[in-house]
Structure formats: structure tokens, C-alpha cells
Amino acid sequence: MPPSVMNVILYYLFSTLYICYSKDTVNLLENVSIPAVIAFGDSYLDQGNNNYINTITKANFYPYGKDFVDGKATGRFTNGKSLADFFVKALGVKEYLPAYLEPLIQDHDFQTGVSFASGGTGYDPLTPKITSVIPLSGQIEMFKQYIEKLKKMVGEDATQNILTKSVYLISASTNDFFISYSTVPIRKVEYDVPTYDKMLVKLAVNFVQEIYKLGARRIGVLSGPPVGCLPAQRTLAGGALRTCSEMDNKAVQLFNAMLKQQLQVLASNLPQARIAFVDFYNPLIRIIEAPHQYGLEVTDKGCCGTGEIETLVLCNKLSTTCLDDSKFFFWDSIHLSEKGCDIFVNQVLQDLVTNLF
């Protein structure tokens, strides 16, 4: 069969699958009211909170944001829209999720959800100390402030309605593995992998319980991604050929298995709670191993600089960038590109909606 004919057939198949998938998701949401999306965690969901704290873990400078509205670097750790933006739009709430610390946020935007996430944080309280960012305990305090502000805006009853019907997203384990256990291996000296994973799972479960006490009921918890396949970790731990670090990936896989099990137990013990385990590992592996199936070309390097190590301040206005970032799964050596974010959200959205509603 000629390659051109095969390409047409493959395009038709993927288009059909995408259309059917999209219709199923829309149907699931037809009779559902989602007043807001609220995000906690790390740089995958940080919408610019780190702009307003004293840390070098920032992304509010070029070339970050080069494909965002007006080419503005908002503090999102990517070239355009983030995971949080794609989730909030796909759930039918709004176009962009604002950072809680954004001083110019409008009342309507405030009421329909914000992100408390801080790039560089983790479940492990040591992680945000290393990176000088907002710990999850600090994000809980901001959430409490948010609730009080909501009450003043819309009243007690409306606030309770918003809190119980909103979707909550959490992403917080990547830096624990990448920084605290690997790059700055303080925890590796103190814990073996199973013990550290068990500690992280306990902290994750405790965090979910904390936001549940404050009113959260529909909670999506992202698993750990394949940290060993992040371009930076390939460079640091993947040898001369920059292969995925299997040691790091196995540590994350064990954490994910334990987390999934404990979240199921937790959900069965919390009245009215719907807790979704959002697989951030296997979809990424599938995309990394078969990029052309998703319209991508490069998955072992980021678009910024060499793509092998540049992130944060190393990805700056002096850095060259790839000619077409829509062909790159990663924007820098850690974070997904806008295209990568879009692809991932499409991969997990239907399961998320099914499990939360």
C-alpha cells in the first residue's frame, strides 16, 4: 500500500477516534454543573504564583509564554497554555485558570476557580525548602483565605455550593523524586525507595483529607510522571545515550501503585467523596515511545536551548528555541509544551470525568 494512502487511512482513524471520544466526554458533562476548578501542587499546575514570592523557581520571562496570549510570560512553566488551562476549558468552566496570587484577578474569575500551585513544591516538606517555594501546607492556608473571600463575595450557601461541586486537581510528586531523592539526594541517604514512597503516599492522602475537611468532594490526584524520561533526567542519569532512567521510573511506578490503592481506600471512607487517580505515567510513556501517533516528532528533548538540561533560568531570552514547538512533547527539559499538555489532557479527560461524576 502506498505511504500516502496509509497516511490518509491513519488520519481518518485517529480523527474518528478523537471525535467519538470528544462526543462521549461532552455527553458525560451535559447534566453536570462545575462551578469552579481549583488546583494545588507544583509547576504542572502553577499559573504564576511563584511570580509573587522570593524564589528563582520562576517562569515569568521569555521564552516562557511565547505562544501565550500576546506572547506574555505569565509564570506558566511552558510556552503557552498549561495543563491547568486545558483541564479548565475541557471541563467547560472557562478558558484560563488564574493564579491565586495574581493581584488583578476579577471577581468572576476568582469565583470560578484559581490555582494555588507553586512550581518546585512536593508532598515531601523538604522539597519546597530546597526550592524556596510554597509548600502544600501554605497552599492549604491560601485555600482557607480563598474560602473566606468567597463567603464575602457570594455568601455562605453559595460558597458551600461552589466548594462541593467544584473539581480539584493535585499534582505534587515530581519534584520529590527529581530533586529531593535524585538531584539533591538528601532523602536517598535517609530512605530506601519503598520507605520513601510510603511516606509520600501518606502525605498525599493526608493532603486530600485536608481539602476534604474544607469542602472538597470531587478530587483528581495526578500520579507521578515517568521522571526517568524527563529530558533533564535522561541527561543526568541516562548515560551517554540519554536513555530513560529505569531506576527513577521504577521508584515512581511503585509510588503510583501504592497511591492508587490508598486513594481507593480513602474514597470509600469519606462520605460523598469522589476521588480520581489520574494516570500521569502511562499516557506519557505511550506518547514518548510513539510520538508520531500523536503528531509529535521529538520526545527526548525540550524545545528550549539544547533541550537536554535547560529549564527555569537556564531557559532564557539568550536561549535558542526549536523551529516548531508543536512537534515537541516537552517545552524545556522538565515541562510539557502547550501541545504536550493538550495531548495529555485529551488522553485522561474522559476517565477523570467518569470517576468524578
Scope the range 92-136; condition assigned to a loop (DSSP other than H, G, I, E, B), surrounded by fewer than 20 Cβ atoms within 10 Å (Cβ to Cβ) and among the charged types (D, E, K, R); matching residues: LYS94, GLU95, GLU102
Would you confirm whether or not the range 134-151 contains a residue that is among the β-branched types (Val, Ile, Thr), touching a Ser or Thr at 6+ places or on another chain (Cβ under 6 Å) and in contact (Cβ under 8 Å) with a residue 40 or more places away in the chain? yes
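So which residues in the range 211-238 are open to solvent by 20 Å² or more (accessible area, probe 1.4 Å) and either touching a Phe, Trp or Tyr at 6+ places or on another chain (Cβ under 8 Å) or of a type outside the set (A, V, I, L, M, F, W, C) (or both)?
Within the range 211-238, TYR212, LYS213, LEU214, ARG217, ARG218, ARG234, THR235 meet the criteria.
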I'd like to verify a number: residues in the range 188-210 that are over 18 Å from the mean Cα position of the chain (by Cα) and buried (at least 21 other Cβ atoms within 10 Å of the Cβ), how many? 2
Filtered residue count, the range 257-287, keeping only those that are among the aliphatic types (A, V, I, L, M) and within 14 Å of ILE343 (Cα to Cα): 3
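Within the range 137-187, can you find the residues that are farther than 30 Å from ALA251 by Cα, open to solvent by 10 Å² or more (accessible area, probe 1.4 Å) and touching a Gly at 6+ places or on another chain (Cβ under 8 Å)?
So the first thing to find is which residues in the range 137-187 are farther than 30 Å from ALA251 by Cα, and the list is 141-166.
Restricting the remaining residues to those that are open to solvent by 10 Å² or more (accessible area, probe 1.4 Å) gives 141-142, 144-145, 147-149, 151-158, 160-162, 164-165.
ILE147, GLN160, THR164 - these are the residues of the range 137-187 that are farther than 30 Å from ALA251 by Cα, open to solvent by 10 Å² or more (accessible area, probe 1.4 Å) and touching a Gly at 6+ places or on another chain (Cβ under 8 Å).
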Which residue pairs have Cβ atoms under 7 Å apart, sit 6 or more places apart or on different chains, and have a first residue in the range 281-303 that is free of Cβ contacts under 8 Å to residues at least 40 places away in the same chain and a second that is open to solvent by 40 Å² or more (accessible area, probe 1.4 Å)? PRO291/GLU297; GLU297/LYS327; VAL298/LYS327
Subset of the range 24-66 that is modelled with pLDDT under 95 and among the aliphatic types (A, V, I, L, M) - its residue that is most open to solvent (accessible area, probe 1.4 Å): VAL26
Looking at LYS213 and the list (1) under 22 Å from VAL278 (Cβ atoms); (2) in contact (Cβ under 8 Å) with a residue 40 or more places away in the chain; (3) not aromatic (Phe, Trp, Tyr), which single condition is not satisfied? (2)
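The values are calculated or read from the model by the stated rules, or taken from the named source; none is laboratory data. The model shown is predicted, which means the values in this text are computed figures rather than measured ones. As a convention, Cβ positions derive from the backbone with ideal geometry for all residues, glycine included, and neighbour counts pool all protein chains shown. SASA here: full protein model, heavy atoms, side chains in, ligands and nucleic acids out. Shrake-Rupley method; radii C 1.70, N 1.55, O 1.52, S 1.80 Å.
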